[in-house]
Every structure is written in C-alpha cells, then in structure tokens.
Amino acid sequence: MAEELTDPAEGFAPLRIRRVVRETADAVSLVLDVPECCSHRFQYKAGQFLTLRVSVGGRDLRRCYSMSSAPVEDELRITVKRDPGGVVSNWINDTAAAGDELHAAPPEGRFTLTESDSSPRELVAFAGGSGITPIMSLVRAALAGSDRTVKLFYANRGRDSVIFSEPLARLAEQHADRLTVEHHYDEDAGVVTASAVESFAARVGDADFYVCGPTPFMDTVETALLGAGVPKQRLHLERFTVAAAPDTVTDGDAQACEEVVIELQRQKVTAAYRQGDTLLQTARLQGLKAPSSCETGSCGTCMARIVEGSARMLNNDALEPDEVEEGWVVTCQALPTSSKVHMIYE
Ligand SMILES: Cc1cc2nc3c(=O)[nH]c(=O)nc-3n(C[C@H](O)[C@H](O)[C@H](O)COP(=O)(O)OP(=O)(O)OC[C@H]3O[C@@H](n4cnc5c(N)ncnc54)[C@H](O)[C@@H]3O)c2cc1C
Ligand code: FES
C-alpha cells in the first residue's frame, strides 16, 4: 500500500519540515516545504487541513491537521497540540525536527471563507484550545484579502496554553480598526457558558460564524448561537473529534449482516451486527477504542481491512481505488453487505 501512496503524482506526497516552532509547552508548529512537483496539489484555502500519514512504533497512522497559515503567506504551516495519551500529536511534539519528511495528502475541508456580497459580512470566530489553528488561517486570510471586520473569541484553560498569543496581538495592533480579540481563561472565569457566547454575539452585526474547539465548547457555542437566532447556514463548524457515535444509519444493504469480527490491537471480538450501524459504530458498541478522526470519510484515520465478507462506503474521500480493491474501508462510512464481515485494524 505504501508504494503508490508516496507517488508524487497521486495521493500522498513527501513534505519536508523546514522549521519547527514551539508555540506552547503543548503545541508545536511545523513549517512544511512541498516538493516542486506537487505544489499545485497543495494549494489550499484558508481553514483547510492536511492528512498526515506517519509511522509510529511500526504502525501506519493517519491524522488530520489544519493549516494555521493562510494562502497569502509564503509558508505552509500546521500546528499540533498534544492530546493527552494521543499517539501522533505527542510523537510530533516530541520528535519532529527540521529536515524530517512527513507524508501528507493534499488539503481538504469545507471550513473555508464564504464568498460575500459587495458589503461583506463580519467574520466572527469562536476558538477553543487547538481549535485556533484553522481559525488563525481564516482570520489572516480575511484581514489580508478583504475589508471584513473580524471578531475572535478565544478560550483556553489558562494563559500558558494560548497558542499564537503574540501573532494575534500583532495582528490586532496592525488591524486595530478591523480585528478584536477577546481571550477567555477558564482559570479566571470557569468554562465558557452560553451567556458568555450570547453576550459576545450580541455585539456583532450581520456575520458569518466559525467555531472550532473541543466538543463541549463547540456544543455550547453552537447551541447558544442557534438559540440567539443565528441562521444555520451562517454557522460553520469544524470538529476535530466526534464524541458520541452518531445515530444509526438506515440502509437496505445492511440487513443481511449478522456478525462482525473485529481485530484491534491485540483484541479479537465477535459482535452481533445491529442493523444500520457503520463498522466503526459496531466496534464502539463492543467497547473498543477504535481509531477515528473526521468521521466524514475524509481522513482515513478509521481505516480497517476487510479480510472476509464485504461492505460499501457511504462516502470515501480518503482511500485510493487500489486500497479499496485490497479490502480497505473507512469504517466510519462502511456498512456491511454480507452476512459476516471480518475486519482488521492495522
Ligand atoms: C479536520 C480535522 C482537523 C484537525 N486539525 C487539527 C489541528 O490543526 N491541530 C491539532 O492539534 N489537531 C487537529 N485535529 C485532531 C488530530 O487529527 C488528532 O485527532 C489529534 O492530534 C489526536 O491524535 P493522536 O494520534 O495524538 O491521538 P489518538 O492516539 O488518536 O488518541 C486520541 C484520544 O483517544 C485516547 N485513546 C486512544 N487510544 C485509547 C484507548 N485504547 N483507550 C482509551 N483512550 C484512548 C487518547 O488518550 C487521546 O485522548 C484535527 C482533526 C480533524 C478531523
Ligand atoms: S474518521 Fe476520517 S475517514 Fe473515518
């Protein structure tokens, strides 16, 4: 599988780390050089992400990381915050060094600026922790490429964990008439509440809203904004993780399946199949901590190989046709189409 994915003409490409910037004790930015042959495929919109494929402890893993740079800048940069107990984020924070090579799939994602009409709407962003990454990209792009005013609400546990503290202060100084940044510190004010969100939103006019951060933060902001009358189409959400398994999917193909055998790390579990569930949901119902990330079929984090039986994917933006041919599926999107399915996470 690795062979064709490193082909610079297709899929993943080797990017070289030009520079490592320590942002906080828990977060690092990587400035990446794209080989000339692939540069056209790595053009991106502010707010998009790369999927990295790394090998850690002999395991091939894929994770998504948003650009914290904007296309107007002359460098492509991602910013990675440690996830306690997380494999890839800690590996990057501990080992990434200038000159190293990382394999990345070209930018993807819909958390991007909307084209505005002749009187551009305000851009209002709510970021929590590492959720600042794509928002930083959006903020930079909006300030550089339009006349929009930008209001940023940025929540962190404490002052030590603020990523981009200085760059944000500089931007606010340079664009004093257009950018306001309000920091929220849990250590002072407790976690962000709906009323904090509402009072921030009450100070804005006609706006597009962008939200990225930990799930509870996003849920609070989303509920508060919708409750305050923000139309759904003006609300843009980027979820780094999905906390709960989504509701079951109804699909005629799935009814034939009775049993799913799942191999994950050193565990092998046989599950009775519940109609409509994806393979990822089936694994979770067994209490397995199955890998996942975007849950939209974009990143490949949840991939597993079917060694017996078959499944079809509702969406696949991650796997190459030959990987699918080999039996790989993105389990977050896969519904069984045979009476028994045996899948292996590798
Ligand atoms: C579109 C998108 C964009 C993203 N952009 C960014 C970004 O810009 N910056 C950023 O930092 N992150 C970003 N992420 C998140 C990133 O992709 C990873 O999910 C994150 O770095 C965690 O990966 P990991 O390998 O470190 O953690 P994982 O190893 O995947 O672990 C995740 C969590 O699960 C827990 N866990 C793992 N295995 C077990 C187990 N067996 N039992 C119990 N608990 C377990 C870990 O403790 C950890 O808390 C983005 C995600 C998406 C989908
Ligand atoms: S979790 Fe991203 S493709 Fe399934």
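Please work out which residue is surrounded by the fewest Cβ atoms within 10 Å (Cβ to Cβ), limiting yourself to region 245-267 and to residues that are at pLDDT 55 or above and under 29 Å from the mean Cα position of the chain (by Cα). By that ranking, first place goes to Arg266.
Of the residues screened, Leu138 is one that is under 20 Å from Phe217 (Cα atoms), in contact (Cβ under 8 Å) with a residue 24 or more places away in the chain and buried (at least 17 other Cβ atoms within 10 Å of the Cβ).
Listed here are the residues, each with its yes/no results for (1) assigned to a helix (DSSP H, G or I); (2) more than 9 Å from ligand 2 (Cβ to nearest atom); (3) farther than 22 Å from Pro214 by Cα; (4) under 17 Å from the mean Cα position of the chain (by Cα).
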residue	(1), (2), (3), (4)
Ala271	no, yes, yes, no
Gln275	no, yes, yes, no
Leu280	yes, no, no, no
Cys294	no, no, no, yes
Thr301	no, no, no, yes
Val307	no, yes, yes, no
Ala318	no, no, yes, yes
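Of all residues in region 298-328, exactly one satisfies the criterion of being within 11 Å of ligand 1 (Cβ to nearest atom) and touching a helix residue (DSSP H, G or I) at 6+ places or on another chain (Cβ under 7 Å), namely Cys302.
Kindly evaluate Arg41 against the criterion of being in a helix (DSSP H, G or I), among the basic types (Lys, Arg) and open to solvent by 20 Å² or more (accessible area, probe 1.4 Å). The answer is yes for Arg41. Among the strands (runs of 3 or more DSSP E) confined to region 143-225, the ones with at least 2 residues that are open to solvent by less than 30 Å² (accessible area, probe 1.4 Å) and closer than 20 Å to Phe240 by Cα are located at 150-156, 207-212. Somewhere in region 119-135, is a residue modelled with pLDDT of 95 or more, outside any strand (DSSP E or B) and of a type in the set (A, V, I, L, M, F, W, C)? Within region 119-135, one or more residues are modelled with pLDDT of 95 or more, outside any strand (DSSP E or B) and of a type in the set (A, V, I, L, M, F, W, C). Screening Leu61, Leu52 for residues that are closer than 24 Å to Thr215 by Cβ, in contact (Cβ under 8 Å) with a residue 40 or more places away in the chain, open to solvent by less than 10 Å² (accessible area, probe 1.4 Å) and in a strand (DSSP E or B) leaves exactly one candidate, Leu52. Determine whether Arg59 is more than 21 Å from Ala141 (Cβ to Cβ) and out of contact with any strand residue (DSSP E or B) (no Cβ under 9 Å at 6 or more places or on another chain). Yes, satisfied. State whether one or more residues within region 18-36 are open to solvent by 10 Å² or more (accessible area, probe 1.4 Å) and on the phi > 0 side of the Ramachandran plot. Scanning region 18-36 turns up no residue that is open to solvent by 10 Å² or more (accessible area, probe 1.4 Å) and on the phi > 0 side of the Ramachandran plot. Among the residues of region 85-118, how many are buried (at least 17 other Cβ atoms within 10 Å of the Cβ) and either in a strand (DSSP E or B) or hydroxyl-bearing (Ser, Thr, Tyr) (or both)? So the answer is 9. Can we say Glu323 is within 24 Å of the chain's Cα centre (by Cα) and more than 9 Å from ligand 2 (Cβ to nearest atom)? Yes; evaluated as a whole, the condition is true for this residue.
Give Glu115, Glu122, Glu73 a once-over and let me know the one that is without any contact (Cβ under 8 Å) to a residue 24 or more places away in the chain, more than 12 Å from ligand 1 (Cβ to nearest atom) and under 30 Å from Gly205 (Cα atoms). Lay out the reasoning, then the answer.
Numbers: Glu122 fails: without any contact (Cβ under 8 Å) to a residue 24 or more places away in the chain; Glu73 fails: without any contact (Cβ under 8 Å) to a residue 24 or more places away in the chain.
Exactly one residue qualifies, and that residue is Glu115.
Every listed requirement among (1) closer than 23 Å to Cys64 by Cα; (2) open to solvent by 60 Å² or more (accessible area, probe 1.4 Å); (3) not in a strand (DSSP E or B) is met by Gly287 save one, (1).
The values are calculated or read from the model by the stated rules, or taken from the named source; none is laboratory data. Since this is a predicted model, take the numbers as computed values, not measurements. Glycine gets a Cβ as well: all are built from the backbone with ideal geometry, and neighbour counts include every protein chain shown. For the accessible areas, the whole protein counts, side chains as well, though only heavy atoms, and no ligand, DNA or RNA atoms are used. Shrake-Rupley method; radii C 1.70, N 1.55, O 1.52, S 1.80 Å.
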